[in-house]
Amino acid sequence: MHGYDKTPLRAIADDARVDPSMILYLFGSKAALFRESMKLVLPSELLTTALAEKGDDLGCRIVRAYLGIWEHPDTAASMASMVQSATSNSDAKDAFRGFVHDYLLAAVSSVLGGGEEAQLRAMLAATNLVGTAMLRYIMHVPPLSSLTVDEVVRLVGPAVHRFLVAPAEELGLDLPSQ
C-alpha cells in the first residue's frame, strides 16, 4: 500500500477479496477501518502485559515492548505508514488520535488506577514513545537512529517510568485546574 491518501477503499477491498460496500457496512468509513487496523499492529495487550510483568523497571518494559513493534519485520512498515498517514491526513489523524486516546491510553491508565491523573501520566509517557519513534524510525535522526534497542531502552525507559510512577507533585500534577 502507499499510505492513507493514496490507497483507495477499492484497493483495500480488492486485497481483502471483498466488495467495497462490505467495508463501509462493517466499519462505516475508511478512517474507521484505519483505526481498527491499528489494533492489529499495536495491540493494547502489549503495553498492559509490559505493565504487569516483573523484571526491568516499568518504563524500560514499556519502551522495550514498543520498540519491539517498530523493530519487528512484520509490523515495522505498518507502524511507519500509520504514523506518516496520521501526520499528513486529517481523517487518519483523527482516527489515530481516537485510537491512542480511547484504546491505548484507556488500557494503560486503567492499569494505573484509572482517572484523569492516570490518563495524563499515560499521555506523558506516550510523548516519549511517539517522539522516539518519530526521530528513530521515521526521520532516522542520528544518534538516536544508530543506537541499539538496549541503549534506547536504557536512555528513554527512566523518563517513561518517571511519568508513570513519580509522585504527582514531582511531575507538577498537583497544580489546581485552570
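The values are calculated or read from the model by the stated rules, or taken from the named source; none is laboratory data. All values derive from a computational prediction rather than experimental measurement. All Cβ positions, glycine included, derive from the backbone under ideal geometry; neighbour counts span all protein chains shown.
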Exercise. Out of all the residues in region 170-178, is one or more modelled with pLDDT of 90 or more and assigned to a helix (DSSP H, G or I)?
Worked result: yes
Can you find even one residue in region 109-119 that is at pLDDT 90 or above, within 27 Å of GLY28 (Cβ to Cβ), touching a Ser or Thr at 6+ places or on another chain (Cβ under 6 Å) and surrounded by 12 or more Cβ atoms within 10 Å (Cβ to Cβ)? yes
When restricted to ALA133, ALA118, ALA92, the only residue closer than 15 Å to VAL165 by Cα and of a type in the set (A, V, I, L, M) is ALA118
Exception for PRO167 within (1) more than 13 Å from the chain's Cα centre (by Cα); (2) surrounded by 15 or more Cβ atoms within 10 Å (Cβ to Cβ); (3) not acidic (Asp, Glu) falls at (2)
Considering region 140-162, residues that are hydrophobic (A, V, I, L, M, F, W, C) and out of contact with any Ser or Thr (no Cβ under 8 Å at 6 or more places or on another chain), and then whichever is farthest from LEU51 (Cα to Cα), we arrive at VAL141
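So which residues in region 1-19 are in a loop (DSSP other than H, G, I, E, B), acidic (Asp, Glu) and closer than 21 Å to ALA80 by Cβ?
Selection gives ASP5 alone.
Just give me the residues in region 87-100 being in a helix (DSSP H, G or I) and either surrounded by fewer than 15 Cβ atoms within 10 Å (Cβ to Cβ) or touching a residue at least 40 places away in the same chain (Cβ under 8 Å) (or both), in sequence order.
THR87, SER88, SER90, ASP91, ALA92, ASP94, ALA95, PHE96, ARG97, GLY98, PHE99
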Discussion item. Residues that are in a helix (DSSP H, G or I), farther than 22 Å from ALA122 by Cα, touching a residue at least 24 places away in the same chain (Cβ under 8 Å) and small (Gly, Ala, Ser): does region 25-32 have at least one?
Written reply: yes
Would you confirm whether or not region 137-145 contains a residue that is touching a residue at least 24 places away in the same chain (Cβ under 8 Å), closer than 16 Å to LEU42 by Cα and outside any helix (DSSP H, G or I)?
no
*Determine, yes or no, whether SER81 is in a helix (DSSP H, G or I), over 20 Å from LEU33 (Cα atoms), touching a Gly at 6+ places or on another chain (Cβ under 9 Å) and polar (S, T, N, Q).*
no
The condition from (1) part of a helix (DSSP H, G or I); (2) of a type outside the set (Lys, Arg); (3) surrounded by 15 or more Cβ atoms within 10 Å (Cβ to Cβ) that MET22 misses is numbered (3)
* Is it the case that SER44 is modelled with pLDDT of 75 or more, hydroxyl-bearing (Ser, Thr, Tyr) and either under 20 Å from the mean Cα position of the chain (by Cα) or surrounded by fewer than 12 Cβ atoms within 10 Å (Cβ to Cβ) (or both)? -> no
